[in-house]
Amino acid sequence: MRVDLLHYPLPVALIAKYPARERDGARLMVVGEPIEHRTMRDLPDVVPAGALVVVNDTMVIPARLRGHKVGTGGKAQVLLVERKGTLQVEIAGRATLAERWSAMGRPARRLRPGAEIAVGEDLVVRVDGSGGADGLLGVLLYGRSGAPPGELIEREGLVPLPPYLGREPEPADRERYQTVYACRPGAVAAPTAGLHLTEQLLAALRARGCALASVTLHVGPGTFRPVAAADLDQHPMHAERFEIADETARAVAAARAAGRPVVAVGTTVVRALESAADTERPGLVRVQTGATRLLIQPGYRFKVVDELVTNFHLPGSTLLALVAAFTGLGRVLGAYRLAVLERYRFYSYGDAMYLRRSLGAGAP
């Protein structure tokens, strides 16, 4: 697909730098005939009674570590991407627990193997080579005092807000850039559609007869990577780790057997479910743990997901391509133009849409 077809004009003033005052206070555009303008508090009235609602339970970690290079004092930072494991290293003659991560670093050209970054008074990040896939750095994290690296990351790390917010993280972001059901640490970006859900909304969905299930997809920094190619077929899609548990696979099977729709809260849920689609049993998913590089664009035939809650996405992005595949490019761009006219708020902290799959997008 030509990437230029995914562009639309967006006034900078409509990029939401902060979330709505209350989680469920965001606006919700229900894309149908006609389009409805509602709020997230109306979601239980929009979701079909008895539907299976699937969320992403990944937890955002404070993955941005800022400090200075040991020896030169120059400023440096890393963005942790994926934890690779633990090992023992010798620091000042003492065996110390360290964690190995893949990471992005700045300034990249000066972070060569052996370079060390002091973060706060205790945490040290040592560059120890290439992280392998996607051109990432390999780094070791340890505490000079022997403190567990995980505790130091939690204490010294910053919330990895998307760069387009154009601001530094604030204390409130620790809560608001996290879903209320987050429980599986590993993401460096939030599954943003889920940021709107509250315990009250989840209870209201259950009261409507909806079943709730979860997947885990650890959102990586690649979700913000611009598409440099002119055609999506030439775009190197980033990998993200995901897991489909047996309980979720059984919930999808039960929904299919009862003729109830599967509603994904966010594009990350779509990628996880579609990546685990059972090729031998249409409409079902396999229990699976792995990484996905699935790039969904117009022409893709959906196998699992029927309806979708999602935020408004960046022009020319793979996420917008997914949404265009789900409900039709013309319909989506028309809805985006209307959203601009109606002053909806865009991107991670912005408003949301509710979409039903177009008839041409495949069926279980």
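The values are calculated or read from the model by the stated rules, or taken from the named source; none is laboratory data. All figures in this text were calculated on a predicted structure; none of them were measured in a lab. Please note: Cβ atoms are built from the backbone with ideal geometry, for glycine as well, and neighbour counts cover all protein chains shown.
Within the stretch 175-199, take every residue that is over 25 Å from T39 (Cβ atoms) and not aliphatic (A, V, I, L, M) and give me the one that is surrounded by the most Cβ atoms within 10 Å (Cβ to Cβ). Selected residue: G186. Could you please find all residues in the stretch 229-238 being among the aliphatic types (A, V, I, L, M) and either farther than 15 Å from I296 by Cβ or not in a loop (DSSP other than H, G, I, E, B) (or both)? Of everything in the stretch 229-238, those that are among the aliphatic types (A, V, I, L, M) and either farther than 15 Å from I296 by Cβ or not in a loop (DSSP other than H, G, I, E, B) (or both) turn out to be A229, A230, L232.
Under 16 Å from L52 (Cβ atoms), assigned to a loop (DSSP other than H, G, I, E, B) and under 20 Å from the mean Cα position of the chain (by Cα) - does that describe any residue in the stretch 335-346? No, because not a single residue in the stretch 335-346 is under 16 Å from L52 (Cβ atoms), assigned to a loop (DSSP other than H, G, I, E, B) and under 20 Å from the mean Cα position of the chain (by Cα).
Take the conditions (1) over 16 Å from L152 (Cβ atoms); (2) in a strand (DSSP E or B); G73 misses just one of them, which is (2).
Go through the stretch 305-316 and give me each residue that's of a type outside the set (D, E) and buried (at least 20 other Cβ atoms within 10 Å of the Cβ).
In the first step, residues of the stretch 305-316 are kept if they are of a type outside the set (D, E); the result is 305, 308-316.
Answer for the stretch 305-316, where residues must be of a type outside the set (D, E) and buried (at least 20 other Cβ atoms within 10 Å of the Cβ): V305, L308, V309, T310, N311, F312, H313, L314.
Residues considered: R271, R281. Of these, the only one that is crowded, with 24+ Cβ neighbours inside 10 Å and either in a helix (DSSP H, G or I) or without any contact (Cβ under 8 Å) to a residue 40 or more places away in the chain (or both) is R271. Among what's in the stretch 115-135 and is modelled with pLDDT under 90 and surrounded by fewer than 21 Cβ atoms within 10 Å (Cβ to Cβ), pick the residue that is nearest to R225 (Cα to Cα). Filtering the stretch 115-135 for residues that are modelled with pLDDT under 90 and surrounded by fewer than 21 Cβ atoms within 10 Å (Cβ to Cβ), the one nearest to R225 (Cα to Cα) comes out as D134. Applying the criterion of being touching an Asp or Glu at 6+ places or on another chain (Cβ under 8 Å) and at pLDDT 90 or above to the residues of the stretch 101-113, the residue that is farthest from F224 (Cα to Cα) is W101. Among the residues of the stretch 48-85, write down those that are hydroxyl-bearing (S, T, Y) and surrounded by 15 or more Cβ atoms within 10 Å (Cβ to Cβ). Across the stretch 48-85, the qualifying residue is only T58.
C183 falls short on exactly one of the conditions (1) hydrophobic (A, V, I, L, M, F, W, C); (2) in the same structural domain as R21 (by TED's automatic domain parsing); (3) touching a helix residue (DSSP H, G or I) at 6+ places or on another chain (Cβ under 9 Å), and that condition is (3).
Test of understanding: among E90, E116, E99, E121, which residue is charged (D, E, K, R) and touching a Ser or Thr at 6+ places or on another chain (Cβ under 6 Å)? Going through E90, E116, E99, E121 in turn, just one is charged (D, E, K, R) and touching a Ser or Thr at 6+ places or on another chain (Cβ under 6 Å): E99.
Tell me the residue from G114, G129 that is more than 30 Å from R206 (Cα to Cα) and in a loop (DSSP other than H, G, I, E, B), please.
On the way: G129 fails: in a loop (DSSP other than H, G, I, E, B).
Result: G114 is the single residue among G114, G129 that is more than 30 Å from R206 (Cα to Cα) and in a loop (DSSP other than H, G, I, E, B).
Report yes if some residue within the stretch 242-263 is under 21 Å from M104 (Cβ atoms) and in contact with a Lys or Arg (Cβ under 8 Å, 6 or more places away or on another chain); otherwise report no. Give the derivation first.
Filtering the stretch 242-263 for residues under 21 Å from M104 (Cβ atoms) gives 242.
Add one more test, that the residue is in contact with a Lys or Arg (Cβ under 8 Å, 6 or more places away or on another chain), and what stays is 242.
Yes, the stretch 242-263 contains a residue that is under 21 Å from M104 (Cβ atoms) and in contact with a Lys or Arg (Cβ under 8 Å, 6 or more places away or on another chain).
Checking every residue in the stretch 133-148 against the condition of being more than 17 Å from V81 (Cα to Cα) and either touching a Cys at 6+ places or on another chain (Cβ under 8 Å) or not in a loop (DSSP other than H, G, I, E, B) (or both) gives at least one match.
Across the stretch 331-351, which residue is modelled with the lowest pLDDT among those that are among the charged types (D, E, K, R) and surrounded by 15 or more Cβ atoms within 10 Å (Cβ to Cβ)? Checking each candidate, the answer is R331.
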